[in-house]
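A short reminder: the numbers here are calculations on the coordinates, not readings from a lab. Source: prediction; values computed, not measured. Methodologically, a virtual Cβ is constructed for each residue, glycine included, from the backbone with ideal geometry; neighbour enumeration extends over all protein chains shown.
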Amino acid sequence: MSTIATVLEHRCLLGEGPVWDADRQRILWVDILRGEIHQYFTLTEKHHIFKAGQMVGAIALTKTGSLIGALHHGFYHIDLENELLEQITDPEANLPENRFNDGKCDPAGRFWAGTMSVTGKANAGKLYMLDNDHSVQTKIDGVSCSNGLAWSHDQRTFYYIDTGTQEVVAYDFHPADATISNKRTIIRIAPEEGYPDGMTIDSEGMLWVAIWGGGKVKRFNPATGLCLDEIHLPVTLVTSCTFGGPTLRDLYITTARTGLTDVELLAQPLAGSLFVVRGRG
């Protein structure tokens with residue numbers, strides 16, 4: 001049985017998008033609705049919060065240790081040390097009721113991030129790719145709630161979640177030009193289990209999928225679609241996960257508390273906290 005530890009009891013409204021920084025031994029994540037970027041240094045146990053002044057959907061590390069981010073108003077360079085934001089571009093400047101959600105860099109360092117409607121409008125979002133030259137491509141159209149992304153270790157497959165579909169899909173991925181093709185469904189989540197949210201991949205190429213409303217993270221074999229393992233948490237709104245720690249075997253898990261009733265919050269005092277399960281990578 002997995003031992004779940006609470007890394008930090010800071011209660012995010014909508015904790016999301018954990019990113020591990022091996023050079024600095026820190027875990028970063030966002031609180032989308034509060035517009036916050038969190039960083040927790042595991043060696044010193046120091047916790048810092050940067051307030052971006054707008055919703056923050058996703059972040060990724062750059063080679064210099066600064067961040068690239070997908071915020072409500074587009075793609076940004078983020079300098080946490082000096083608390084600076086510099087907008088790169090906003091591909092949806094004409095869609096103020098959309099915001100960015102989950103995002104991640106592909107093996108070549110191109111930043112993929114998707115949008116969704118803040119009013120719940122279906123099929124209003126897109127999945128974009130910000131290239132290294134700052135040009136933007138639309139990769140997938142008609143998305144309702146753009147969420148988890150991952151790439152296979154051989155860089156030949158791209159995995160993606162649009163939460164409302166209840167599916168994890170796979171595409172053939174071409175690393176040279178980042179084209180995707182041959183979409184197929186590889187995993188289905190039953191509605192009574194919850195909704196697929198964020199996702200990561202482990203050293204064996206298995207996918208770990210956070211289940212929003214289901215209080216767990218599930219490990220799947222993408223070749224068969226079979227569930228191999230699951231980790232249950234003391235909260236229902238599980239949002240995303242990533243591997244970190246000195247040997248990249250610790251699974252960090254973000255959670256949320258937005259939308260929970262007073263009764264549910266009393267039953268889930270740790271909702272919105274950051275958790276870790278050791279030795280799972």
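Quick one: grab the alpha carbon gyration tensor of region 201-281, order the square roots of its eigenvalues as a ≥ b ≥ c, and give me rounded if a/c is under 1.5, else prolate or oblate depending on whether a/b is larger than b/c. Oblate is the answer for region 201-281, as a/c is 1.5 or above yet b/c matches or exceeds a/b. The mean sequence separation of alpha-carbon pairs under 8 Å and at least six residues apart, normalised by the residue count of the chain, gives a relative contact order of 16 percent. Selection among GLY225, PRO175, LEU95 by position relative to the dipole of region 4-277 gives GLY225 as farthest towards the positive end (Cβ unit charges, Cα centre). Region 146-203 and region 219-264 have Cα centres spaced 16 Å apart.
Go through ALA150, THR247, ILE211 and say which Cα lies farthest out towards the positive end of the charge dipole of region 4-277; charges sit on Cβ, +1 for Lys and Arg, -1 for Asp and Glu. Toward the positive end, the furthest listed residue is ILE211.
Counting only helical runs of four or more DSSP H residues, what would the 222 nm mean residue ellipticity of the chain come to if each run contributes -39,500 (n - 2.57) and the total is spread over all its residues?
-500 deg cm²/dmol
Packing, as the average of other Cβ atoms within 10 Å across residues, places the peptides 113-121, 67-75 in the order 67-75, 113-121, highest first.
Stokes-Einstein, applied to the Kirkwood radius of region 90-228 over Cα pairs at a viscosity of 0.890 mPa s and 25 °C, places its translational diffusion at 161 µm² s⁻¹.
With a 10 Å radius around each residue's Cβ, average the other Cβ atoms per peptide and rank 125-131, 266-272, highest first. Walk me through the numbers on the way to the answer.
Numbers: 125-131: 21.3, 266-272: 17.0.
Order by mean packing, descending: 125-131, 266-272.
Normalised by the number of residues in region 6-123, the average gap of Cα pairs under 8 Å and 6 or more apart makes the relative contact order 16 percent.
Please list the three semi-axes, largest first and in whole Å, of the ellipsoid equivalent to region 1-139, using sqrt of 5 times the eigenvalues of its alpha carbon gyration tensor. Present the calculation step by step, with values, prior to reporting the outcome.
Numbers: eigenvalues 124, 62, 41 Å².
Semi-axes from the Cα gyration tensor: 25, 18, 14 Å.
When the listed pairs LYS63/LYS126; LYS104/LYS139; LYS104/LYS216; LYS63/LYS183; LYS139/LYS218; LYS46/LYS216 are checked against a 24 Å cut-off, the alpha-carbon distance exceeds it for LYS63/LYS126; LYS63/LYS183; LYS139/LYS218; LYS46/LYS216. Taking Cα centre as origin and charging only the Cβ of basic (Lys, Arg, +1) and acidic (Asp, Glu, -1) residues, the dipole magnitude of region 1-113 rounds to 200 debye.
Legend: Rg and Dmax of region 158-240, from Cα coordinates, 12.9, 42 Å. Placing +1 on the Cβ of every Lys and Arg and -1 on the Cβ of every Asp and Glu, with nothing else charged, gives region 4-277 a dipole about its Cα centre of roughly 240 debye.
Sorted from longest to shortest, the spans of the Cα atoms of region 4-277 along the three principal axes equal 46, 46, 40 Å.
Under the 0.36 nm per residue contour assumption, what length would be gained going from the current alpha-carbon distance of ILE4 and THR179 to full extension? List each step's numbers first, then the result.
Values: separation 175, 0.36 × 175 = 63.00 nm, distance 3.83 nm.
Here the answer is 59.2 nm.
Think of the chain as having a plus end and a minus end, set by charges on the Cβ of Lys, Arg, Asp and Glu; of PHE75, PHE50, ILE189, ILE189 sits farthest toward the positive end of this dipole.
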